[in-house]
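Here is the structure we will look at, set down as structure tokens.
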Amino acid sequence: MLEGLLALLVTLAVVYALVMRSAAPRWMLLAVAVVPFWPQLYVGLVLPDLWYAGLLAIFLLLLARRNLLAAACMMFPLMLSRESTSLTLVCLLIACWRPLRWPGRLLAFGAGLAGTLLIGRLTLHNPGNMDSVPESIYLLAKAPWNLLRNVLGIVPWSNVNGSLCRVPEWRYTLPFHVGLLHTVGMCGFSFDQPQETLAAALTTFGLLPLLAVFLWTRGRRAGVHHPANNVAKHNSPLIRFCLLYGGVSFVLAPMLGAWAPRLFGYSWPLSLIAVPLLFHGLSEAYGEALTSKRAAAGLVFLGLHLVVCGLGFKYLSWSLIGLTLMLYLVGFAVLRWWFGPPVRQAGKRLHSNPQQAASEA
């Protein structure tokens, strides 16, 4: 519990330090605090998630300070903590390929490899997974197995994992054995797991994923994230990593397991770090919208976000999921009214009237 509390405090401290440094409205502090992600993270205390979140927060802080070599070294403790650091490493190399340069790239890859080799050494006499299949096959088979169950509502079955049903409705005997696995099948259809998956996707971070997509698209349209923009240059490593890692983690969540809220929680850098940072530069492109009376629309969006977060703390029936989807639609409409069209792009003023723009030119 002390280790979990320390990791939670480190994660909170880093998140709020980055939020306070951003150009986001001050109500973002409340929006970040109320998401169901935080209690869900602490509930899974026996799992490495909370410890990993603390390490990842330190890694993100190093990216924010552009200490890329130290961030690359963090691949070693991260890999020791969870095997999914392979995704973290890939996202780091993609998002920060140019600023890392070859020393940083090799250091990141070497640190991750060292962590993998050490884990292999420490688990040399590990009895293996409970399905008694090779670890590589086990990890590859997880994605389609969980996709069938969590998204399509198809309940899979195998002779080594018959916990979902005793007698499958359909089965197929493989022409070869993979460990003890020799037969696969299907128990039938059940939409309980897709219901839980959709509810977790909509509520784990409230409306912040919607805000992330909206701010990113509006920033791209206004040229805020253009490489020539000074704000984009300053925040590029951190924002690029959080968008890539968080976005991929969010999309892959239904393929990783059956505990949907926990798995969507892996994407927390997208909603808790990238969203506040994406407000950088928007004051120039949308200055009138962010400073005028329409700025009160942000408080309306916050209210909708609080309602969605509140729904995340209870069981969501299909009717409540429908209500949550309607709140998403209302939130999107509020965001469109709040920001309106951009008034500047890459330092140049935009016009909704082409004739006026041509005459000024």
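The values are calculated or read from the model by the stated rules, or taken from the named source; none is laboratory data. This one's a predicted model, so the numbers in the text were calculated from it and none came from an experiment. No Cβ is skipped: glycine too gets one built from the backbone with ideal geometry, and neighbour counts run over all protein chains shown. SASA here: full protein model, heavy atoms, side chains in, ligands and nucleic acids out. Shrake-Rupley method; radii C 1.70, N 1.55, O 1.52, S 1.80 Å.
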Q) Which order do Met75, Met255 take when ranked by solvent-accessible area (1.4 Å probe, heavy atoms of all protein chains), largest first? A) Met255, Met75
(Q) Taking amide H atoms as placed 1.01 Å from N in the peptide plane, list the residues 5 or more away in sequence, or in a different chain, whose amide H sits under 5 Å from that of Cys187. (A) Val155, Trp157, Glu169
Q: State the extension gain, in nm to one decimal, for the chain segment bounded by Thr173 and Leu29, taking 0.36 nm per residue of separation less the distance between their alpha-carbons.
A: 46.4 nm
Q.
Quick check on packing: order 115-128, 327-340 by the mean number of other C-beta atoms within 10 Å, highest mean leading.
A. 327-340, 115-128
Q. So, in nm, how far is label Leu118 from label Arg66 when the simple model puts each one 7 Å beyond its Cα toward the Cβ?
A. 3.0
Q) Applying the Karplus parametrisation 6.51 cos²θ - 1.76 cosθ + 1.60 with θ = phi - 60° to the phi angles of the range 88-103, what ³J(HN,Hα) value in whole Hz is obtained for each residue in order, glycine and proline being reported as x? A) 4, 5, 4, 5, 4, 5, 6, 6, 10, 4, 6, x, 5, 6, 5, x
Q: Report the label-to-label distance for Leu299 and Glu3 in nanometres (one decimal), using points 7 Å from each Cα along the Cα→Cβ vector.
A: 4.5
(Q) What are the ³J(HN,Hα) couplings of the range 187-200, residue after residue, when phi is run through the Karplus curve with 6.51, -1.76, 1.60 and θ = phi - 60°? Round to Hz, x for glycine and proline. (A) 7, x, 10, 8, 9, 5, 5, x, 5, 5, 5, 5, 5, 5
Q: Return the FRET efficiency for the residue pair Asn161, Ser86: r is the Cβ-Cβ distance, R0 is 30 Å, and the value is rounded to the nearest 0.05.
A: 0.80
Q) Residue farthest toward the positive end of the dipole of the chain, with Cβ of Lys/Arg at +1 and Asp/Glu at -1: which of Asn129, Val151, Leu207? A) Leu207
Q | For the range 126-175: accessible area per residue (Å², 1.4 Å) | A | 66
Q: Excluding Trp97 itself, calculate the net charge of residues whose Cβ lies under 14 Å from the Cβ of Trp97, where each Lys or Arg counts +1 and each Asp or Glu counts -1.
A: +4
Q | Vicinal HN-Hα couplings computed from phi for the range 172-185 (Karplus, 6.51 cos²θ - 1.76 cosθ + 1.60; Hz; Gly/Pro x) | A | 9, 8, 5, x, 8, 9, 10, x, 8, 7, 9, 9, 10, x
Q: Mind listing the lone cysteines of the chain, meaning no other Cys beta-carbon sits under 4.7 Å from theirs?
A: Cys73, Cys91, Cys96, Cys242, Cys309
Q: Evaluate the distance, in nm, between pseudo-label points positioned 7 Å from the Cα of Arg98 and of Ile137 along their respective Cα→Cβ axes.
A: 4.5
Q) To the nearest 500 deg cm²/dmol, what mean residue ellipticity at 222 nm is calculated for the chain from DSSP H runs of n ≥ 4 alone, each contributing -39,500 (n - 2.57), summed and divided by the residues? A) -19000 deg cm²/dmol
Q) Gaussian network model of the chain, Cα springs within a sub-10 Å range: biggest mean-square fluctuation belongs to which of Ser81, Ser267, Ser249? A) Ser81
